[in-house]
Amino acid sequence: LILQHDKLKMRYMMKWFISLLVLLFTFYSKAESQIFDFEDEKGINHILVILDAPLEFISGKGDGVTGFISYDPARPKEVTGSIHLTVDSIELNNSPMTKNMYGKKWLNAKEYPEISFVFSSFAPSSINDTLVKGKALGVFTFLGVAKEVEVDLSFNYLKDAANKRAGKKQPGDMRDLLVLRSDFIVLLDEYGLALTPGTLLKVSNEVQVKVNIVGYTAE
């Protein structure tokens, strides 16, 4: 078990290293692009999930959000990068329900510890000052199944705004922020989690996912 854990840890370390190298290459090849880190130093980034079944309403949030995005406000369609959520950071209505969700029957957090979205392209549909709305195409990986999906998504680039968000302001902190918002649907059966008719009365096959997260530049 220890050896398996070490291998898993090494695999994810290598994945992050390669992802960061790709983003650094993108950054230097596009002078105006900046890399934004979505591991929130304020600790309030999270992703909401909602399942509204006939007999039960289940909601939860996951705060284990990480990722790097390369973004140029003058060329938003050239965005690259990825966002990741650790499964064992998701908490539902109560602790027994959360514990069951981590098990093999449901999200199997040990075998599939991460949910991710990797950007392939972005097509802006409206631009209002720094706020850009559009459709993002990317690879969504859930329960070990990777599917290409298209989601509604917006970026809001806020220059020199780090201190405006900070709980404790840092003199001279002129870092830029990138606010990412998205609202989309995940169907559990499309990712191999087929529910019985009885279970569907309490657990919806349709999961609403709401994303509102903030990334920081390095300086």
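The values are calculated or read from the model by the stated rules, or taken from the named source; none is laboratory data. Predicted model only: the values in this text are computed from it and were never measured. So basically every Cβ, Gly included, is an ideal-geometry build from the backbone, and we count neighbours across all protein chains shown. These area figures cover heavy atoms from the full protein model, side chains too; ligands, DNA and RNA do not enter into them. Shrake-Rupley method; radii C 1.70, N 1.55, O 1.52, S 1.80 Å.
Side notes on the structure shown:
- Residue satisfying all of: in region 45-55; part of a loop (DSSP other than H, G, I, E, B) and within 17 Å of L187 (Cα to Cα); least open to solvent (accessible area, probe 1.4 Å) among these: A53
- Total residues in region 147-167, condition among the β-branched types (V, I, T) and in contact with a helix residue (DSSP H, G or I) (Cβ under 9 Å, 6 or more places away or on another chain): 0
- Residue within region 175-188 that is over 22 Å from the mean Cα position of the chain (by Cα), more than 18 Å from G81 (Cβ to Cβ) and either modelled with pLDDT of 95 or more or among the small types (G, A, S) (or both) present: no
- Test: residue in region 91-101 that is part of a loop (DSSP other than H, G, I, E, B), under 28 Å from V207 (Cβ atoms) and open to solvent by 60 Å² or more (accessible area, probe 1.4 Å): yes
- Qualifying residue in region 191-204 (condition: out of contact with any Leu (no Cβ under 6 Å at 6 or more places or on another chain), open to solvent by less than 50 Å² (accessible area, probe 1.4 Å), assigned to a strand (DSSP E or B) and within 24 Å of K61 (Cα to Cα)): no
- The number of residues in region 56-66 being under 13 Å from the mean Cα position of the chain (by Cα), of a type outside the set (D, E, K, R) and either surrounded by fewer than 18 Cβ atoms within 10 Å (Cβ to Cβ) or assigned to a strand (DSSP E or B) (or both) comes to 3.
- Residues of region 127-184 classified as under 15 Å from T217 (Cα atoms) and assigned to a strand (DSSP E or B), total: 8
- Of all residues making up region 168-190, the number that are more than 23 Å from E114 (Cα to Cα) and either open to solvent by less than 60 Å² (accessible area, probe 1.4 Å) or touching a helix residue (DSSP H, G or I) at 6+ places or on another chain (Cβ under 6 Å) (or both): 5
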